[in-house]
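Working notes, beginning with the structure itself.
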Amino acid sequence: MGTEADVALVTTDLTVGGMTCAACVQRVEKKLGRLDGVTAVVNLATGRARVSHPPGISPEELVATVEKAGYTAAISQPPEERAREGGEAAGQARRKETEAAGETRGERDRLLVTTLLAAPVLVLSMVPALQFRDWQWLCFALAAPVAVWGAWPFHTRAARGLRHSAATMDTLVSLGVLASFAWSAYALFLGGAGGPGMRMPFTLLPAASEGPAHLYLEAAVGVPLFVLAGRFLEARARRGTGDALRSLAELTLKEVTVRDGDRERLVRIENLAVGQVFVVRPGERVATDGEVVEGRSAVDLSLVTGESEPVEAGPGDTVPGGAVNAGGLLRVRATAVGADTRLARITRLVTEAQAGKARAQRLADSVAGVFVPVVLALAVTTLGFWLGAGADAQAAVTAGVAVLVVACPCALGLATPTALLAATGRGAQLGVLVSGPQALEGLRHLDTVVLDKTGTLTSGHMSVTRVTALPGGLGKDAVLRLAGAVEQGSEHPLGRAIAAHPGQPLPAVHDFQAQPGRGVRGRVEGRLVEVLAPDDELPGALADALPVAEAAAHTPVLVRVDGAAEALIEVGDVVRPGAYRAVDRLRRLGVRPVLATGDREAPARAVAAELGIDEVHARCTPEDKAALVGDLQRRGHRVAVIGDGVNDAAALAGADLGIAMGGGTDAAIGAADVTLVRGDIEALADAVRLARRTLATIRANLAWAFGYNLVTVPLALVGLLTPMVAAAAMSVSSLLVVGNSLRLRSWQPSTAGRRVR
């Protein structure tokens, strides 16, 4: 019999409600982790938990476990299912958006009413010159609904946590508000502060009063006001970090026009099948991945691949779902639907990336798990110490409440997830998909990249690279036109490349003949045109071009017209546009390029020389590539592998970081940690720079979150912070962390230092 470890684990995504700080995250993870064989990763910014569990534990049990911890939970729909349901999933997403908008309006209304009630209390408490007869009783009447109704979300969550023996940030806020209001009530009714002529000075630093007991109504209203405002702004900012993922969901159409013979009809997107032909009119989005069967148009791929320039698409070209038809009418045959589409894969990768945690955030969550209980103990200790040292009760209560309010694990919980949300979303917009925080960390520490040649540095298909025409002859354009006309009837890759190069309608060919091992011939516009392997007897200019072509690992063919040599056409796999800039930018970032290819030595060396790559490994088998990666790792390098084929899958999986070209095979993409969606390796340098910026942002966020508490908690302990100032500082700390992360949304790839080639 197999053991528990032998059972394949199942992954379930949960939506968790009621979490407000990193202590909540730690509590949910611990509760789920107590189930046998269960591990969970909870993300505060997205409100999601990714749970790995044995099949014997049902998702309903997971939901019940979270609810027993004092939070709400629901099973999230997997990305694959959302993609498969297509338009229905988009509709559900829009309904959830509506519900979220309703909750946001409720929070906004609570904040607005709290502000209207709290403002007079704050002004009268902080400006003694405005204090009139019995002003304190008006403030008490205004503060009561704020301390009860305005702070009600904190009270309910604190009570729910206490029922489950848990303390969170809401516990601290609730106790701070209740303690401030209770002390003020005592001062008014029993401490002499209710007299008609009472005046109360305002100072930023706590001070013992010699007259009636001091009122802390400004703290009782200021704490919930500042925390509500901070969380409202924080929620809006956090929502903004997920805009890229929501924009991907909005690309899914609800209906599509299908062509059946001469008739067109509307069908729901989930009913569209592979092989059906659908219509894409100007301005419409392409419903799903497909191949153009009729029509020609410019297609805008910017929202899918990050490619800014529209590309021309015609019969035989593939177009991804979500692209926008910017020109004429297209008829497209569906090649993938639902979860198999490129858009679904992008959405799935971004969703999974945002569910992970960086190592630094795991440390922050661990600290936050014990932080709140420690703060509660510190607050009680502070109260007791001040009373025991002979201080009056007012100063002791002030210090204790300030400790409760100022301690904020919210910033710790938001430091990493908000940065990851912003970075992964921005990366998706730029055509760079990362599988999670570990991939970002891998990009940050990268020092060596192993590059495949065919399909990665080169286009992966044969094309005309150079034409050398005999001086005084027909000229390059005329020769290419005649040669392309003859090669129309050829099935050889060289012939297809020559026929496709002119890019215009070609004249008809007559008397076509293929000569095995030699070439082709035929009559075009009355002339005998031959496209042959070059012989030893070439005119001077063509003879000089032949060794140059062979050195560049191109295949030369000779074109004769009416028996006279006219030109030498070189055909080969050309280097991708931007490949030189990509390699150069990687080198400038401190990443050493290594070329490893299964191709012959000559073409490998030629490409390496053109791109300035010093280390070349030719005729590599998949095992050789994997062995090369292992050897580099043993020498202490952090290695990334870029590839696009099945033969690259083993090396991709074995590398510290696997990077797949977006147009590559599913095996390569599945084994990779990063996917370059638009197939442009120049995006790799952008990915490295984005990763470095993201991790720098995370480090800055964590430094601020830890540093804030290291400074403010001791100040509160020694009585140098009032509760109201503490509440404002606590809210500002979270907003600074979120605001710093949001800067990643506008990050732009730098063009500085690029060379044009």
Considering each residue of the range 714-739, count those that are of a type in the set (A, V, I, L, M, F, W, C) and crowded, with 22+ Cβ neighbours inside 10 Å, and give that number. 9
Checking Gly679 against (1) at positive phi; (2) assigned by TED's automatic domain parsing to the domain that holds Ala582; (3) modelled with pLDDT of 70 or more, the condition it does not meet: (3)
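Residue-by-condition table, conditions (1) surrounded by 19 or more Cβ atoms within 10 Å (Cβ to Cβ); (2) aromatic (Phe, Trp, Tyr); (3) free of Cβ contacts under 8 Å to residues at least 24 places away in the same chain:
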| position | (1), (2), (3) |
| --- | --- |
| Arg263 | no, no, yes |
| Val267 | no, no, yes |
| Pro282 | no, no, no |
| Gly290 | yes, no, no |
| Gly295 | no, no, no |
| Ala298 | no, no, no |
| Leu301 | yes, no, no |
Of the residues Gly436, Gly413, Gly425, only one is modelled with pLDDT under 80 and in contact with a Cys (Cβ under 9 Å, 6 or more places away or on another chain); which? Gly413
Could you say which residue among Leu378, Leu363 is modelled with pLDDT of 75 or more and in a helix (DSSP H, G or I)? Leu378
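Listed here are the residues, each with its yes/no results for (1) of a type in the set (S, T, N, Q); (2) in contact with a Phe, Trp or Tyr (Cβ under 7 Å, 6 or more places away or on another chain); (3) part of a loop (DSSP other than H, G, I, E, B).
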site	(1), (2), (3)
Thr11	yes, no, no
Thr15	yes, no, no
Thr20	yes, no, yes
Glu29	no, no, no
Leu32	no, no, no
Ala40	no, no, no
Thr46	yes, no, yes
Glu60	no, no, no
Val63	no, no, no
Tell me, which helices (runs of 4 or more DSSP H) lie completely within the range 404-483 with 2 or more residues that are in contact with a Lys or Arg (Cβ under 7 Å, 6 or more places away or on another chain) and either touching a residue at least 40 places away in the same chain (Cβ under 8 Å) or in the same structural domain as Asp624 (by TED's automatic domain parsing) (or both)? 417-429, 437-444
Taking Ala672 as meeting all but one of (1) assigned by TED's automatic domain parsing to the domain that holds Ala650; (2) of a type in the set (Gly, Ala, Ser); (3) modelled with pLDDT of 80 or more, write down the number of the exception. (3)
Okay, strands (runs of 3 or more DSSP E) sitting entirely in the range 586-657 with 3 or more residues that are of a type outside the set (Ser, Thr, Tyr) and surrounded by 20 or more Cβ atoms within 10 Å (Cβ to Cβ), I get 592-596, 639-643
For the subset of the range 711-757 comprising residues that are in a loop (DSSP other than H, G, I, E, B) and at pLDDT 85 or above, which member is nearest to Leu586 (Cα to Cα)? Gln748
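The values are calculated or read from the model by the stated rules, or taken from the named source; none is laboratory data. In this text the structure is predicted, and so the values were computed from the model without any measurement. Counting neighbours? That spans all protein chains shown, and the Cβs are built from the backbone with ideal geometry, glycine included.
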